[in-house]
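The values are calculated or read from the model by the stated rules, or taken from the named source; none is laboratory data. Remember, predicted model here, so these are calculated numbers, not experimental data. All Cβ positions, glycine included, derive from the backbone under ideal geometry; neighbour counts span all protein chains shown.
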Amino acid sequence: MAKVYVFDHPLIQHKITYIRDKNTGTKEFRELVDEVATLMMFEITRDMQLQEVEVETPVARAKSKILAGKKLGIVPILRAGIGMVDGILNLLPAAKVGHIGLYRDPETLKPVEYYVKLPSDVEERDFILVDPMLATGGSAAAAIDSLKKRGAKNIKFMCLIAAPEGVEVLQKAHPDVDIYIAGLDEKLNDHGYIVPGLGDAGDRLFGTK
Ligand code: URA
């Protein structure tokens, strides 16, 4: 079963509070999402592989460690996922960035892919799929289907706020994909919004409404 990590780091929790606040304007909202994405990424990369190297310090020769260079791909789900990309690239500036766009079919209510562009070497990369909100879990599950269909084997899912309903759907659909969350909320309302949540993440990031 997929593991669920809820980050309780004080800096993450502090910033999430201001992200939730309806009085936080677009500029500050964007900056906070950026910062939280960086802080979450710091935790998520804890299991990255290292290799030993030798380094000459001004004092002596020493054995030390660097990243083993496993290729990484970041994939935001359009459109709100884009708001988390720069924060991640602050820590991993060489990561490749793919994009997945989905819309909900008005008749079947199922997510339909309208745009997928991934790095060409999908099979060799570890992927981090990002979307600020894990609501029903439908888009995240479909985006992971889409990644797996193209050969991705090792995927993590990272979001700011999740509803328990979405976590359950994603865990059932993809038991191999661990889920990283900054705030696990109470429920979804009848309109598919997370309660208490933060409203529409895309609108708040891009200043649309
Ligand atoms: N998407 C959002 O942006 N907000 C929600 O609360 C749910 C889905």
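Screening GLU113, GLU123 for residues that are surrounded by fewer than 20 Cβ atoms within 10 Å (Cβ to Cβ) and in a strand (DSSP E or B) leaves exactly one candidate, GLU113.
Considering only residues that are over 23 Å from ILE155 (Cα atoms) and part of a strand (DSSP E or B), look in region 171-200 and name the one that is nearest to the ligand (Cβ to nearest atom). Per the stated criteria, the residue is ILE194.
When GLU28 is tested against (1) in contact with a helix residue (DSSP H, G or I) (Cβ under 9 Å, 6 or more places away or on another chain); (2) under 27 Å from ASP185 (Cα atoms); (3) touching a residue at least 40 places away in the same chain (Cβ under 8 Å); (4) of a type outside the set (S, T, N, Q), exactly one condition is not met: (3).
Give the residue, chosen from ALA163, ALA143, that is over 20 Å from ASP47 (Cα atoms), crowded, with 18+ Cβ neighbours inside 10 Å and within 13 Å of the ligand (Cβ to nearest atom). So that I can check it myself, show each step before the final result.
Numbers: ALA143 fails: within 13 Å of the ligand (Cβ to nearest atom).
Result of the check over ALA163, ALA143: ALA163.
On the given criteria, is LYS153 modelled with pLDDT of 95 or more and within 15 Å of the ligand (Cβ to nearest atom)? When the stated conditions are applied, LYS153 does not pass them.
In region 148-167, what count of residues is obtained for those that are under 21 Å from LEU198 (Cα atoms), touching a residue at least 24 places away in the same chain (Cβ under 8 Å) and within 17 Å of the chain's Cα centre (by Cα)? Before the answer, list the steps.
Step one: list which residues in region 148-167 are under 21 Å from LEU198 (Cα atoms), which gives 157-167.
Restricting the remaining residues to those that are touching a residue at least 24 places away in the same chain (Cβ under 8 Å) gives 157-163, 165-167.
Those left that are additionally within 17 Å of the chain's Cα centre (by Cα): 157-163, 166-167.
Of the residues in region 148-167, 9 are under 21 Å from LEU198 (Cα atoms), touching a residue at least 24 places away in the same chain (Cβ under 8 Å) and within 17 Å of the chain's Cα centre (by Cα).
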